[in-house]
Amino acid sequence: MNKPIYNFLSTDHQRLDKLLNEAVADYNAIDSEKYHQFRVGLLTHIKMEEKILFPAAKKANGNRNLPMIPQLRLEHGAITALMALPPSKDLTKVIRYILNIHDLKEEESGGVYEICERLAETDTAAILQAFRTTTPVPVHPPNASPYVFEAAKRALKRAGFDYDEIVGLNLSE
Ligand SMILES: [Fe+2]
Ligand SMILES: [Fe+2]
């Protein structure tokens with residue numbers, strides 16, 4: 001089955017994973033230009049989903065609200081808050097942890113990407129065009145202030161994650 005929306009967004013997930021990996025390949029010499037590309041790319045990906053994909057998914061579902069959208073929005077809020085922080089090993093661990101869970105939810109069978117494949121071909125073409133012409137999200141330089149960090153931790157809590165708990169997890173990396 002042809003899955004153009006799934007393909008577009010899951011390819012973008014892979015592109016962003018790769019950018020992050022490259023940016024933080026050496027934590028003692030983080031590639032700030034690559035990290036900037038990662039932040040802009042991820043925030044722009046979220047913008048496409050919030051502004052284009054979620055409304056399209058609702059339409060594909062007979063204009064009925066989809067039960068998974070509120071949680072996905074909370075996770076976008078958490079990811080967005082993390083993008084305000086300066087990159088570090090701990091932060092990268094938390095970002096990877098949340099993105100793995102979040103991206104899988106979007107990509108899984110019955111997930112929000114698949115639901116959009118029910119749309120008519122003309123709608124799909126319009127959505128892909130809207131994705132391609134989405135303007136990049138402008139970003140401020142990372143902010144090391146404690147209040148930004150605390151705000152990010154609260155945004156994670158709202159989405160069901162605990163920053164310090166994730167940092168303390170023994171994950172094979
Ligand atoms: Fe997302
Ligand atoms: Fe996504």
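The values are calculated or read from the model by the stated rules, or taken from the named source; none is laboratory data. What you see is a predicted model; the values in this text were computed from it and never measured. Here the Cβ is made from the backbone with ideal geometry for all residues, glycine too, and neighbour counts use every protein chain on show.
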note = In segment 60-71, anything assigned to a helix (DSSP H, G or I), farther than 17 Å from PHE8 by Cβ and hydrophobic (A, V, I, L, M, F, W, C) is listed as ILE69
ask   = Quick check: is even one residue across segment 6-23 within 16 Å of ligand 1 (Cβ to nearest atom), basic (Lys, Arg) and in contact with a helix residue (DSSP H, G or I) (Cβ under 9 Å, 6 or more places away or on another chain)?
value = yes
remark   = Checked segment 72-119 for anything farther than 19 Å from LEU42 by Cα and in contact with a helix residue (DSSP H, G or I) (Cβ under 9 Å, 6 or more places away or on another chain); matches are GLU108, GLY111, GLU114, ILE115, CYS116, GLU117, ARG118, LEU119
message = I'd like the residue in segment 107-138 that is among the hydrophobic types (A, V, I, L, M, F, W, C) and within 15 Å of the chain's Cα centre (by Cα) and, out of all such residues, is surrounded by the most Cβ atoms within 10 Å (Cβ to Cβ).
response = VAL112
task = Considering each of ALA144, ALA152 in turn, give the residue that is at pLDDT 95 or above, among the small types (Gly, Ala, Ser) and under 30 Å from PHE8 (Cβ atoms).
result = ALA152
message = Please go through segment 8-54 and give me each residue that is in a loop (DSSP other than H, G, I, E, B), surrounded by 16 or more Cβ atoms within 10 Å (Cβ to Cβ) and charged (D, E, K, R), ordered by number.
response = ASP31
task = Working carefully through the options THR80, THR92, find the one that is under 17 Å from the mean Cα position of the chain (by Cα), away from ligand 2 (no atom under 16 Å from the Cβ) and assigned to a helix (DSSP H, G or I).
result = THR92
key: Those helices (runs of 4 or more DSSP H) lying entirely in segment 119-173 with at least 3 residues small (Gly, Ala, Ser)   = 121-132, 146-158
ask   = Given the residues GLU75, GLU49, GLU114, GLU107, which is the only one that is among the acidic types (Asp, Glu) and modelled with pLDDT under 95?
value = GLU114
note = Of (1) part of a helix (DSSP H, G or I); (2) more than 16 Å from ligand 1 (Cβ to nearest atom); (3) buried (at least 17 other Cβ atoms within 10 Å of the Cβ); (4) of a type outside the set (Val, Ile, Thr), ALA57 fails just (2)
query = Just one of LYS18, LYS93 is farther than 19 Å from VAL167 by Cβ and out of contact with any Leu (no Cβ under 6 Å at 6 or more places or on another chain); which is it?
reply = LYS18
query = Among the residues of segment 39-56, is any away from ligand 2 (no atom under 14 Å from the Cβ), touching a residue at least 24 places away in the same chain (Cβ under 8 Å), in contact with a Lys or Arg (Cβ under 7 Å, 6 or more places away or on another chain) and under 24 Å from PHE161 (Cβ atoms)?
reply = no
